[in-house]
Amino acid sequence: MTKKTAWVKPLTSLPVSLKPISAMQKKHFGVVLNPTRWWGRMPRLFWLVALFVGFLERRHARLNPVLRALLMTRVSQMCHCAFCIDANSLRLAERSGALDKVQAVSEWRPSPLFSDDERAALAYAEATTSTPPRVDEAIKIELKRHFNDAAITEMTALIAFQNLSARFNAALDIPSQGLCDTFKGKPHV
C-alpha cells in the first residue's frame, strides 16, 4: 500500500495564538495533532472550530461520552479520514474501556455490542453523512424513541461537525498519527 503525501504542506511553525491549543495537545497526546498544522493557516477559524467541538464535548452534553465517540468514529470511517478514524477510535476505546466497539463500529448492524439507542444514533449518523443526506421516516421514528428533540439537535450538530472535520482532513490527505495504537485499556472520560 502506498503512503499518501499531503499535497498542501503542513505548517512547521504555528502562530502564537495557537500556542494554548498546541500545549494542550502536547500534554494530552505527547505531540501537536496533525490537523492543527493545516488549520494553523487560519487561527481565528481554528479557534471557532475548537470552541464548537469543545461545546459539543462539554461535561454536561446531552449525549453521553461513549455515544459521542461512537458517532464521531463512524462518520470518520464513512468520510475515509485516516486522522479522524485514529483519533476518534482512541477516544471511543478510552471512553468505553475496551477496543471491542472500535473494532465493530464499521459493521455495527449485526454486532451484539450496540444498544438500541446506539443503533438508532448510528443509523441516523450514516443517513446524515450520506451525500445528499437520506434520513427517512423509519430512522426518524426510531431516533425519537430514544432521544428528545434537544438531544437530536445536538447529535445533528455533532455529526455535522465531524463531517466538516473529516472532510477537511481527508481532502488535504492529513495523515493518521497512530494515536489509537497507544490505547492501554484504561477508561478515560
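Using a probe of 1.4 Å on the protein chains alone, the accessible area found for Val16 is around 120 Å².
The slack in the chain from Leu164 to Asn64, taken as 0.36 nm per residue of separation less the alpha-carbon distance, amounts to 33.9 nm. Rounded to the nearest 500, the 222 nm mean residue ellipticity of the chain from helices alone is -18500 deg cm²/dmol, with -39,500 (n - 2.57) taken per DSSP H run of at least 4 residues.
Ranked by solvent-accessible area (1.4 Å probe, protein heavy atoms only, all chains present), the residues Ser17, Ser165, Ser76 order from largest to smallest as Ser17, Ser165, Ser76.
With semi-axes defined as the square roots of five times the eigenvalues of the C-alpha gyration tensor, the equivalent ellipsoid of region 1-46 measures 21, 15, 7 Å, largest first.
Near Leu179: Cβ cut-off under 11 Å, other residues only, Lys/Arg at +1 and Asp/Glu at -1. The net charge is -2. Which shape class, rounded, prolate or oblate, goes with the chain when its Cα gyration tensor gives a ≥ b ≥ c as root eigenvalues, a/c under 1.5 marks rounded, and past that a/b bigger than b/c marks prolate? Prolate.
What the phi angles of region 103-111 give under the Karplus curve with 6.51, -1.76 and 1.60, with θ = phi - 60°, is a coupling list of 6, 9, 4, 5, 10, 5, 4, x, 7 Hz, glycine and proline written as x. Summing Cβ point charges (Lys, Arg +1; Asp, Glu -1) relative to the Cα centre of the chain gives a dipole of roughly 800 debye.
The residues of region 119-173 expose on average 46 square angstrom of accessible surface per residue, using a 1.4 Å probe on protein heavy atoms. What shape does region 37-95 take by its C-alpha gyration tensor, where a ≥ b ≥ c are the square roots of the eigenvalues and a/c under 1.5 counts as rounded, a/b above b/c as prolate, and the rest as oblate? It is oblate, given that a/c is not under 1.5 and a/b is not larger than b/c. The value of relative contact order for the chain, using C-alpha pairs under 8 Å at least six residues apart, is 32 percent.
What shape does region 77-189 take by its C-alpha gyration tensor, where a ≥ b ≥ c are the square roots of the eigenvalues and a/c under 1.5 counts as rounded, a/b above b/c as prolate, and the rest as oblate? The shape class here is oblate. Between Val102, Val66, Val32, the Gaussian network model of the chain with springs among Cα atoms under 10 angstrom shows the greatest mean-square fluctuation at Val32. These residues, His28, His80, go from largest to smallest accessible area, 1.4 Å probe, as His80, His28.
The values are calculated or read from the model by the stated rules, or taken from the named source; none is laboratory data. Given the structure is predicted, the values throughout are model-derived calculations rather than measurements. Positions of Cβ are backbone-derived with ideal geometry, glycine not excepted, and every protein chain shown enters the neighbour counts. Just so you know, the surface numbers come from the protein's heavy atoms only, side chains and all, with ligands and any DNA or RNA stripped out. Shrake-Rupley method; radii C 1.70, N 1.55, O 1.52, S 1.80 Å.
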